[in-house]
Structures are given as C-alpha cells and as structure tokens.
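The values are calculated or read from the model by the stated rules, or taken from the named source; none is laboratory data. Only a predicted model underlies this, so the values are computations on that prediction, with no experimental measurement involved. No Cβ is skipped: glycine too gets one built from the backbone with ideal geometry, and neighbour counts run over all protein chains shown. To get the accessible areas, we keep the full protein, side chains included, count just its heavy atoms, and leave off ligands, DNA and RNA. Shrake-Rupley method; radii C 1.70, N 1.55, O 1.52, S 1.80 Å.
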Amino acid sequence: MATLLTESLSSRYAALQAERERSWSAAQLEGNARQRRLLAERFDPAAVAQPGDILPNFTFPEVDGGELTLDGLTAGGSALFIFFRFAGCPACNIALPYYAEALYPELQKRGIPLVALSPQRADRLAEIKHRHHLPFAVATDTDNQLAREIGIAFDPDDRPSPPPAGWIGEVTGTGTWTLPQPTVLHVGANRVVRSVHVSPDWLDRPEADDILQQLG
C-alpha cells in the first residue's frame with residue numbers, strides 16, 4: 001500500500017541518533033538509551049487496551065479552540081489517534097511532520113480523522129502544530145485520561161526531587177512527570193478499540209505503511 005514518496009521515519013530517527021552521538025556526552029547518550037531500553041523491556045502487550053474494549057467518551061481541548069470528543073470523532077466510522085510526549089520533544093517533532101506527509105493524505109481519502117494527543121496544555125501545544133503546519137487536529141489529553149485508560153502512561157525512572165528547572169511537569173504545564181508512550185490508537189464507531197500500537201522505545205515508531213496496513 002503506497003504512501004507519498006518520502007524519507008522513512010526510521011531513517012529520520014537514525015539521523016537524529018547520529019547527530020546526538022556527535023554532540024551529546026557519553027552520560028547523556030547512556031541515560032537516554034537506558035530509559036528507552038527499560039521501557040521496552042517492561043512493556044507488556046496484555047496490559048494495554050485490547051481490540052473490542054469500549055472507551056469512555058473523553059473530551060479533548062484542541063489547540064486552536066473548541067473541543068473534540070470520542071463520540072464526535074467516531075460518528076462517521078472511526079478515528080486514529082497519535083499519542084506524543086510534548087511540543088518540544090525532538091522525536092515528536094520528527095514523527096508528526098512525517099505522519100502529516102505520509103499518513104494523513106490517505107486517511108483523508110478514507111474519511112478517517114487523525115488527532116495528535118499530548119498531556120501538554122493546549123496553549124503550549126499550539127507551537128508544534130503551527131511550526132510544522134500540521135493539517136490534522138492537535139489536542140490535549142487532560143491529565144493523561146485516555147493514556148491512562150489504555151495503559152500507556154508512564155513516569156520516567158529519573159525523577160529528581162525537588163524537580164530541576166525545566167522539568168517535564170513544568171514544560172507540559174501538568175505538574176507531573178507522567179507522559180504517554182508514543183502510541184497509534186484506532187477507535188471505531190461506539191468508541192470501540194480496533195487496534196493499539198505502542199512504541200515503548202520512542203525512537204522506534206511505526207511507518208505510515210504499517211499503520212495503513214493495520215487499518216485494513
């Protein structure tokens with residue numbers, strides 16, 4: 001199933017990692033790799049939402065104003081949700097523009113809404129949507145409500161106390177360390193889960209073709 005001719009997501013992440021290996025200290029590289037490795041080792045596919053599960057009708061503040069609801073988004077059939085960490089996350093700033101190029105056009109043809117969700121406050125999320133001119137909705141999963149419901153919320157292992165300036169809770173405006181693991185969630189009519197693809201290692205996210213094949 002062909003998408004737009006564009007550089008793969010994995011190659012974009014390889015370039016990011018290569019740049020980090022040139023510019024980061026050994027301690028930074030090891031800390032980043034260790035957290036991604038631990039999340040991957042701990043991941044239990046049985047602990048996340050399963051196809052057939054029915055979700056509550058959550059509401060999400062959209063960055064340009066207004067609100068989105070699961071009922072409204074799936075009224076026409078199904079919707080796809082891309083969970084990301086926050087607007088300043090380097091890996092997310094690679095993934096979302098890639099999905100805008102390689103995934104969104106095909107979803108648009110199929111009439112499937114695409115929504116990017118982060119726990120970050122909507123006023124702070126506007127930056128990533130406008131910087132990349134994202135054509136799909138970007139919204140706040142307040143208090144990680146949907147992320148917790150489907151079992152993808154996590155706290156990083158390294159949580160200094162007191163938190164340093166610029167810590168995750170300050171950046172997101174949530175006051176907590178909790179973030180979602182990058183995830184692609186397909187929800188059908190009546191808020192029924194159709195598929196969940198979790199990426200515990202945030203530098204190993206699915207290509208657009210893989211997502212489209214999962215949709216069927």
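The order of the peptides 159-166, 40-47 by mean Cβ neighbours within 10 Å, most packed first, is 40-47, 159-166. Spacing of the modelled spin labels on A126 and V171, each 7 Å from Cα toward Cβ, amounts to 2.1 nm.
The packing ranking of peptides 195-205, 101-111, highest mean first, is 195-205, 101-111, where packing means the average number of other beta carbon atoms within 10 angstrom of each residue.
The phi torsions of the range 183-189, fed into the Karplus equation with coefficients 6.51, -1.76 and 1.60 and a -60° offset, translate into couplings of 8, 10, 10, 9, 10, x, 4 Hz, rounded to whole numbers, with Gly and Pro shown as x. Contact order, relative form, for the chain: 31 percent (alpha carbon pairs under 8 Å, 6 or more residues apart, mean separation divided by residue count). Please figure out what share of the DSSP beta bridges in the chain is antiparallel and state it in percent, rounded to the nearest 5. Expressed as a percentage, antiparallel bridges in the chain total about 70.
In a reduced charge model with +1 at each Lys and Arg Cβ and -1 at each Asp and Glu Cβ, the range 107-216 shows a dipole moment near 540 debye about its Cα centre.
The calculated Kirkwood hydrodynamic radius for the range 128-216 is 15.3 Å, given to one decimal from all distinct C-alpha pairs. Measuring nothing but protein heavy atoms, the accessible surface of the chain at 1.4 Å probe radius is 51 percent carbon and sulfur. Accessible surface computed residue by residue for the chain, with neighbouring protein chains in place and a 1.4 Å probe, gives 46 Å² per residue. Our coupling estimate for the range 30-43, obtained by passing each phi through the Karplus curve with A = 6.51, B = -1.76, C = 1.60 and θ = phi - 60°, is 5, x, 5, 5, 5, 5, 5, 5, 5, 4, 5, 5, 7, 5 Hz, Gly and Pro reported as x. Estimated from helices alone, the mean residue ellipticity of the chain at 222 nm is -11500 deg cm²/dmol (sum of -39500 (n - 2.57) over DSSP H runs with n ≥ 4, per residue). Our summary gives the range 8-134 a relative contact order of 25 percent, counting only alpha carbon pairs under 8 angstrom and 6 or more residues apart. In the range 116-216, taking the dipole from charged Cβ atoms about the Cα centre, the farthest positive-side position among A137, P119, P206 is held by A137. Counting only heavy atoms of the protein chains and using a 1.4 Å probe, R121 has close to 100 Å² of accessible surface. Here the Karplus curve 6.51 cos²θ - 1.76 cosθ + 1.60, taken at θ = phi - 60°, turns the phi angles of the range 107-121 into couplings of 4, 4, 4, 8, x, 9, x, 10, 10, 9, 10, 9, x, 4, 4 Hz, with x standing for Gly and Pro.
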